[in-house]
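Have a look at the structure below before the remarks.
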Amino acid sequence: MRYVSTVNPKPVRAKVWTTPSSSTSCARTRRWTPASAVALILRAVGGLTTRQIAAAYLVPEATMAQRISRAKRTVSGVRFNQVGDLGTVLRVLYLVFNEGYSGDVDLAAEAIRLTRQLVGKTRDEEAAGLLALMLLHHARRPARTAPDGSLVPLADQDRGRWNTHLIVEGVDVLQSALARDRLGEYQAQAAIAALHADARTAEETDWVQIVEWYDEVVRLTDSPVARLNRAVAVGEADGPRAGLAALDGLDRTLPRHTAVLAYLHERDGDPVTAARLYAEAAPLASSLPERDHLTRQAARLNAQLRGRG
Amino acid sequence: MAKYLLLKHYRGAPAAVNDVPMDQWTPEEVSAHVKYMRDFADRLQESGEFVDSQALSAEGTFVRSDGEGRPPVTDGPFAETKDVIAGWMVIDTDTYERALELAGELSAAPGAGGRPIHEWLELRPFMGASHTITE
């Protein structure tokens, strides 16, 4: 299970970053979608071919070509000379990184490259926060999947396989951003990732501080996904009952809600409920590795229960 | 070559021979099953018969138009819906017999106790383009 907050993709509004040169020239246009923003940025700024972008997003090349030319039409006739909404740019880069965790074209590396350029140009704290967040997550990538493709939860990862260079750089970037005292959601999320990276073993994780940072993320974003992740952290810091209480009032149809509920019930010593909830959560998963992981969790608990009975 | 859709159901297909819900298997049996499915797709890729494979979430909603200017009407998800598709594989084979053979192989993926599930898969031929020369 991934504990680090992912913010729900929202339609990107009205402003477009066009080039990393100058100070983020942006365009005020009509509403357009994250998919088209992502595609256009990868094509125009990232320099990827349409075929590569199509392969990365598993759509036919003709579809991606249309998406890109629609995005171009949307921004055509707009003058790119005003300083724009950097937040939109960061959101798009965040989307690219998040979706780029697998696939033939390494979109995660591409997102890091672009964010690094942006940090060099703007000295913006949140851009630095996003770069730190990406570096710290990227550092864990070699340990996130087993050779057979199955997911390895954070607590079970071989921390020796984390990339320490990326962690050092990520922590460095984050610390200098935090020192400027203009906190935003990416810095707060990066702080959580840094606290995980900082623990030599899962047991040494500073969950109390992680909960405090989740409080910040919730305050800054008011995102239900952040609340869900916070509940997991509360479960580790103050015990599963407290975690379950923190889930109270959250929409049960949130992605991963049932999986988190299962996890907390297992920690609370109720394997029967946990097994049922894991089995319920599996077909609701958003990816095949996640579905298989949850099925395996249910199977593990049921096997234990049979052994006991 | 002709394309076929292999449909796998969460619910709605006749009962498998080795019919034990997946969460009642051991974790090792789950892993063996996942590996079998992946190896199967890899083999078809090598033989040039693989087209696509996707898994579906169990959630689903029925949607229909409610007329111009109105938002679409939705219904569901239905907890009791009889037929729920779990996913599909599209294959491209020389003959119908080869498609049957592959479907049989996929159906024999290992399940509880490491024994083949022998689950029912639905095999549906694609409608192709009309042939230029028909005789």
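We did not get these values from a lab; they are worked out from the coordinates using the rules stated. This one's a predicted model, so the numbers in the text were calculated from it and none came from an experiment. A quick note on method: Cβ atoms are made from the backbone with ideal geometry, for glycine too, and the neighbour counts reach across all protein chains shown.
Return the loop-located trypsin sites (Lys or Arg not before Pro) in segment B:36-103 (DSSP other than H, G, I, E, B) with at most 15 other Cβ atoms within 10 Å of their own Cβ; answer none if there are none.
Numbers: sites: B:R38, B:R43, B:R64, B:K82, B:R98; in loops: B:K82.
Within segment B:36-103, the qualifying trypsin sites (Lys or Arg not before Pro) (loop, at most 15 other Cβ atoms within 10 Å) are B:K82.
Once you have the alpha carbon radius of gyration of segment B:2-125, what is it after dividing by 2.2 N^0.38 Å, with N set to its residue count?
1.25
Can you compute the charge dipole magnitude of the protein assembly as shown about its Cα centre, using +1 on each Lys and Arg Cβ and -1 on each Asp and Glu Cβ, nothing else charged? Give it in debye, rounded to the nearest 20.
The calculation lands at about 1680 debye.
Is there a quick way to get the dipole size of segment B:2-125? I mean about its Cα centre, with the Cβ of Lys and Arg at +1 and of Asp and Glu at -1; what is the value in debye to the nearest 20?
Working: 12 positive and 22 negative charges, 31 e Å.
With only Lys, Arg, Asp and Glu charged at Cβ, the dipole is about 140 debye.
Taking Rh as the Kirkwood radius, which is the inverse of the mean 1/r over Cα pairs, what is the Rg/Rh value for the protein assembly as shown?
With Rh from the inverse mean 1/r over Cα pairs, Rg/Rh is 0.99.
Using the 10 angstrom Cβ neighbour count as an exposure proxy, how do B:S53, A:S76 rank, fewest first?
Values: B:S53 19, A:S76 9.
So the residues, fewest neighbours to most, are A:S76, B:S53.
Return the average number of partner chain Cβ atoms within 10 angstrom of each residue Cβ along peptide B:20-32.
Rounded to a whole number, the mean comes out at 6.
Restricting to DSSP H runs of at least four residues, report the calculated mean residue ellipticity at 222 nm for chain A, -39500 (n - 2.57) per run over all residues, nearest 500 deg cm²/dmol. If you can, show how the numbers build up before the last one.
Numbers: 14 runs with 189 residues, N = 309.
It lands at -19500 deg cm²/dmol.
Taking the dipole about the Cα centre of chain A, with the C-beta of Lys and Arg at +1 and of Asp and Glu at -1, give me whichever of A:A132, A:L42, A:V152 is farthest to the positive side.
Checking the options against the dipole of chain A, the answer is A:L42.
Can you give the average number of partner chain beta-carbon atoms within 10 Å of each beta-carbon in peptide A:286-299, as a whole number? Could you put the intermediate results ahead of the total?
Details: counts 1, 2, 7, 1, 0, 7, 7, 1, 1, 9, 10, 3, 7, 12.
Shielding by partners across A:286-299 averages 5.
Please rank A:E266, B:E68, fewest neighbouring Cβ atoms within 10 Å first, as an exposure proxy.
B:E68, A:E266
Simple spin-label model, 7 Å along Cα-to-Cβ: A:A146 to A:R219 in nm?
Calculated label separation equals 4.1 nm.
Which Cα, out of B:A55, B:V90, B:P71, lies furthest along the positive dipole direction of segment B:2-125 (beta carbon charges, K/R +1, D/E -1)?
Farthest along the dipole direction, towards plus: B:P71.
As a footprinting exposure proxy, order A:M64, B:M37 by other Cβ within 10 Å, with the fewest listed first.
B:M37, A:M64
Expected output is a single nm value to one decimal: the length gained when fully extending between A:L254 and A:A242, i.e. 0.36 nm times separation in residues minus the C-alpha distance. What is it?
Full-extension gain reported as 2.4 nm.
What does the highest-first list of A:255-262, A:35-42 look like by mean Cβ count within 10 Å?
Going from most to least packed, we get A:35-42, A:255-262.
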